[in-house]
Amino acid sequence: AGDALRRLDEAGFSIVFVTNNSTGTCADVAETIARLNGYPASPDQVITSAVAAAALLAPDRPASMVVGGEGILSALTEREISIVVDPSVAEAVVVGLDVDFTYQSLDMAASAIRKGARFIATNTDVTFPGPGDLHAGAGAIVAAIAAASGRTPTVAGKPHSAIRALVKQRLVPGPVWVVGDRPETDLAMAKAENWNAALVLTGVVSDPGEVPSGLEPDLVNASLSEFADVLTSDRLSGERRSDPGGPV
């Protein structure tokens, strides 16, 4: 992946990493990209669903209870949003992936929401790919809190408008390509903004036939490297030809 990203860089594309992972900060994500792929990503190139959730709350800065990790806590603190643990004073509840999630977490979050706190989900991805298997994601925790509170959350991450607004702030003139492996988030985000969409078969989906109707990608690639081959060659034509712009 690192070589593919460097080739896109050299071809003049602007790269933004957009992730529904809310557990780490933008700096954490950039460090992981550098460590795993050898590509020197900057925190300024990263947008997380936690950052999108904080942006949603920034205008009012409600006192917020957090079910999640450091990524959410850091994003809220950066926006000067106070963190509370008492459900009786919480004005918002922000929910993401929490590997230490307990019955008490569920009970307190649902109580705050029933009392009128805003219910913000970083994302509703029920699973995520990990070593050897799919693992339970933030969406599973969000679903439990929704069931216990009787409320539906506002979702900040892909494919929803809060994170798309942050992406649009980073774009440079030119066609945009959204490259991802999860149709319901990555491809749906592209479709919502009429951006070009490329599905890579290295994650959640391994067969293009699994893509739901209406989310069909413009390109299907076996890997990010193959996508870079196509985008930096003359194999695209017409309106879908991407002059240096901004793949996401």
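Every residue in segment 4-35 that is closer than 30 Å to Ala140 by Cβ and in a helix (DSSP H, G or I), please. Those that are closer than 30 Å to Ala140 by Cβ and in a helix (DSSP H, G or I): Cys26, Ala27, Asp28, Val29, Ala30, Glu31, Thr32, Ile33, Ala34, Arg35. The residues of segment 10-32 that are surrounded by 20 or more Cβ atoms within 10 Å (Cβ to Cβ), touching a residue at least 24 places away in the same chain (Cβ under 8 Å) and touching a Pro at 6+ places or on another chain (Cβ under 6 Å), listed by number, are Phe13, Cys26.
For segment 52-73, state whether one or more residues are at pLDDT 95 or above, under 28 Å from Ala228 (Cα atoms) and not acidic (Asp, Glu). Yes, there is a match, as at least one residue in segment 52-73 is at pLDDT 95 or above, under 28 Å from Ala228 (Cα atoms) and not acidic (Asp, Glu).
If you filter segment 51-73 down to residues that are within 16 Å of the chain's Cα centre (by Cα), among the small types (Gly, Ala, Ser) and on the phi < 0 side of the Ramachandran plot, you find that the one that is surrounded by the fewest Cβ atoms within 10 Å (Cβ to Cβ) is Ala55. Just so you know, in segment 182-206 the residues that are touching a residue at least 12 places away in the same chain (Cβ under 8 Å) and of a type in the set (S, T, N, Q) include one that is surrounded by the fewest Cβ atoms within 10 Å (Cβ to Cβ), and it is Thr202. Picking from residues in segment 33-50 that are within 15 Å of the chain's Cα centre (by Cα) and polar (S, T, N, Q), the one that is surrounded by the most Cβ atoms within 10 Å (Cβ to Cβ) is Ser49. For segment 168-186, enumerate the residues that are at negative phi and in a loop (DSSP other than H, G, I, E, B). Residues satisfying the conditions are Leu171, Val172, Pro173, Pro175, Asp181, Arg182. I'd like the residue in segment 135-152 that is under 19 Å from the mean Cα position of the chain (by Cα) and touching a residue at least 40 places away in the same chain (Cβ under 8 Å) and, out of all such residues, is farthest from Ala117 (Cα to Cα). Looking at the filtered set, the residue picked out is Gly137. Determine, yes or no, whether Gly209 is at negative phi and free of Cβ contacts under 8 Å to residues at least 12 places away in the same chain. So Gly209 passes the test. Among the residues making up segment 150-167, a single one is among the polar types (S, T, N, Q) and part of a helix (DSSP H, G or I): Ser161.
The values are calculated or read from the model by the stated rules, or taken from the named source; none is laboratory data. All values reported here derive from a predicted model rather than from experimental measurement. Cβ atoms come from the backbone with ideal geometry, glycine included; neighbour counts cover every protein chain shown.
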